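The values are calculated or read from the model by the stated rules, or taken from the named source; none is laboratory data. Please read all numbers here as calculations on a predicted model, not as lab measurements. Ideal geometry is used to build each Cβ from the backbone, glycine not excepted, and the neighbour counts take in all protein chains shown.
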Amino acid sequence: MKTSSDPRRRVACYWAMGTAWLPFQGEIYKLSCVRVPPNTPFDSLFLIIINEFENKCLTLCRNFTIEPTCRVMTRKFDFLIIGSGVAGMSYALKVARAKKGKIAIVCKTTLEEANTAKAQGGIASVTNLLVDNFEKHIEDTMIAGDFISDREAVEQVVRNAPDGIRELVQWGVNFDKNDDGKFDLHKEGGHSEFRILHHADDTGAEIQRGLMAAVRSNPDIEVLEHHFAVEIITQHHLGVRVTRRTPDIECYGAYILNPETGKVDTYLSRVTIMATGGTGAIYATTSNPNIATGDGIAMVYRAKGKVQDMEFVQFHPTVLFNPKETHPAYLITEAMRGYGGILRLPNGEEFMQKYDERLSLAPRDIVARAIDKEMKIHGLDHVCLDVTHKDPEETKHHFPNIYAKCLSIGIDITKEYIPVCPSAHYMCGGIKVNLDGQSSIRRLYALGECSCTGLHGGNRLASNSLIEAVVYADAAAKHSIEEVDQYEFNEDVPEWNDEGTMTNEEKVLIAQDVKEVGQIMSTYVGIVRSDLRLHRAWERLDLLYEETEHLFKRVKPTRDICELRNMINVGYLITRQALERKESRGLHFTVDYAPHALDKK
Ligand SMILES: Cc1cc2nc3c(=O)[nH]c(=O)nc-3n(C[C@H](O)[C@H](O)[C@H](O)COP(=O)(O)OP(=O)(O)OC[C@H]3O[C@@H](n4cnc5c(N)ncnc54)[C@H](O)[C@@H]3O)c2cc1C
């Protein structure tokens, strides 16, 4: 044992085999030497350690990583829910009623940061039986899905939607009502009737608020914010070889990164729920917040679970083009085109007449495709939406938020064009589940945007996703409450092994790769596809995959490298499944295959 010669430093340092152990304020810290020049005299080494330690206090220093030697934890929950959007929280509230055991909701940032909070339009449900009925909603959904939706899933969502709405209201979510006390219903593209419940133009924020209040006040639900799920645990972690053909793969919980210790803890569960939301953030521009990196889909795919329909990515035609704000990019509502907004090239030329007789009022996917094509032909990074011909006061009155937002970046929309571009918006595919929300892996359910219930088929009908999450949360809650008693915690699961890994000092590698994934996906796997572009994406992603897996094995897991891995995995899945679909269908549009070509075979 060596002690500092400086009496003010009340520390002692143990030195053995390249590692120093430093007791400090009641904790023992491990100081791993990295790249210390050979033959460094012990005294100078020792002083460097002390100085660096005191100066930077537990942060990375040039030659050493400093980390507490606290042990990893194992925690047990009967119901482990990964994700705190509408899917995860409504499931938690439902199982909490059954008093069947401990429940945890894990989310990678705060409880509120979720796609759910961004939803603007509303939530679809047949509530006015005087003019509407379930058959009409079912038919509208089938048409939007380009006739490849799973009819049973569609019926389940549509017929149970009114109950889902009632539950949301019971949990404290408010929807706007008319003077006569009935829901104020909107109509959106693709719906044959007025059936969209809403809360002003921030329905998602209201749902998130209501559910968060209910979850926080429920003593049976433990909320773990800033906890990042790294992998789900299966037989693979017990040393069993698991392949895509292995029957009865089981989920025993998840490995979760603890923000306080930087360690990966083991969370054992009897039932695990994947509710990790969408994948928009793997594209260069998206309406989704940064959290939407497809983590759940990637984790389940790596665990050899079934993932389906990933080629169906919905793009919103018009977000504000602003390179400083891409995740999420600011949505320019389609109502602006309804109001009379005209799409133009930056030189003022109109172009929609080349694509659809309804011009700028054509449906979302046609407009998105037309903009994408014009951008590619002219090498542009955006086109423009023009409302300068409209009465300025009326524009400000109808779109006060858009007016203010654009003004904040120096654009007065009453006098100047709004720069817009399409952006990734919604993932129709995901973890394949049955009518009970069960995935192909036993004890693992998937809910919300990360799941593929079959409801959306080739394209999502507006406002059908929030209600899908609520209805499937109910089905999964009922099923898992019935099943949970037959499952035991698996006590043989080993701790996460990060022996021999080091702290990653090269953050720039990850930041650059994240950018590259976005560029690859937006350029080659975007709105209009071809086999050539998809193959090019595949090759580029493959290279990134190899590099990232190599890095992942060498460094301690952090949120950024885990997300990068997931983004590459999800990018690969979208690309591969797009290549496999040899037709244009729904949201998957390719110049190489005719619409519905597979029907003719
Ligand atoms: C701008 C916008 C407008 C929309 N408008 C509508 C609309 O009007 N109507 C409609 O029906 N739908 C709309 N949608 C779609 C809808 O909002 C989403 O599909 C839905 O909210 C998804 O809910 P979710 O619970 O599945 O996921 P989310 O709400 O995205 O929640 C995901 C959760 O998973 C957590 N998570 C992710 N990865 C990890 C990890 N590795 N570890 C721990 N936690 C993790 C996140 O922290 C988050 O808590 C819109 C979406 C956007 C972006």
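Couple of notes before you dig in:
- Residue match in the range 271-285 (condition: modelled with pLDDT under 95 and either assigned by TED's automatic domain parsing to the domain that holds K100 or assigned to a loop (DSSP other than H, G, I, E, B) (or both)): yes
- Which listed residue, of A477, A511, is modelled with pLDDT of 95 or more and more than 30 Å from T590 (Cβ to Cβ): A477
- Of the residues making up the range 87-110, those that are part of a helix (DSSP H, G or I) and within 6 Å of the ligand (Cβ to nearest atom) are A87, G88.
- Of all residues in the range 528-558 being under 23 Å from the mean Cα position of the chain (by Cα) and among the hydroxyl-bearing types (S, T, Y), the one that is farthest from L587 (Cα to Cα): T558
- Within the range 283-294, residues that are at positive phi have Cβ atoms under 7 Å from residues that are outside any loop (DSSP other than H, G, I, E, B) and more than 10 Å from the ligand (Cβ to nearest atom) in these pairs: G294/I282; G294/M567; G294/V570, counting only partners at least 6 apart in sequence or on another chain.
- Across the range 241-270, the number of residues qualifying as assigned to a loop (DSSP other than H, G, I, E, B) and at negative phi comes to 15.
- Filter result for I418 (surrounded by 15 or more Cβ atoms within 10 Å (Cβ to Cβ) and either modelled with pLDDT under 95 or more than 30 Å from T293 (Cβ to Cβ) (or both)): no
- For the range 581-601, filtering for residues that are in contact (Cβ under 8 Å) with a residue 60 or more places away in the chain and either outside any loop (DSSP other than H, G, I, E, B) or closer than 20 Å to V307 by Cα (or both) leaves 7.
- Scanning the range 111-144 for residues that are near the ligand (Cβ under 8 Å from one of its atoms) and part of a loop (DSSP other than H, G, I, E, B) yields a total of 7.
- The requirement of being modelled with pLDDT of 90 or more and among the aliphatic types (A, V, I, L, M) is fulfilled nowhere in the range 353-366; no residue meets it.
- S440 being outside any helix (DSSP H, G or I), within 14 Å of the ligand (Cβ to nearest atom) and under 25 Å from the mean Cα position of the chain (by Cα): no
- S84 over 24 Å from the mean Cα position of the chain (by Cα) and within 11 Å of the ligand (Cβ to nearest atom): no
- Elements of type strands (runs of 3 or more DSSP E) in the range 294-409, at least 1 residues being within 16 Å of the ligand (Cβ to nearest atom): 313-320
- So L93, is it surrounded by 19 or more Cβ atoms within 10 Å (Cβ to Cβ) and farther than 24 Å from N464 by Cβ: no
- Within the range 255-312, the set of residues being among the β-branched types (V, I, T) and over 24 Å from A473 (Cα atoms) comprises T261, V264, T266, I282, T285, T286.
- Some residue of the range 467-489 being within 18 Å of the chain's Cα centre (by Cα) and acidic (D, E): yes
- T548 being crowded, with 17+ Cβ neighbours inside 10 Å, among the hydroxyl-bearing types (S, T, Y), closer than 15 Å to E516 by Cβ and touching a Phe, Trp or Tyr at 6+ places or on another chain (Cβ under 9 Å): no
- Any hit, the range 449-460, residues being aliphatic (A, V, I, L, M) and in contact with a strand residue (DSSP E or B) (Cβ under 9 Å, 6 or more places away or on another chain): no
- Among the candidates H236, H316, H226, residue that is in contact (Cβ under 8 Å) with a residue 24 or more places away in the chain and on the phi > 0 side of the Ramachandran plot: H226
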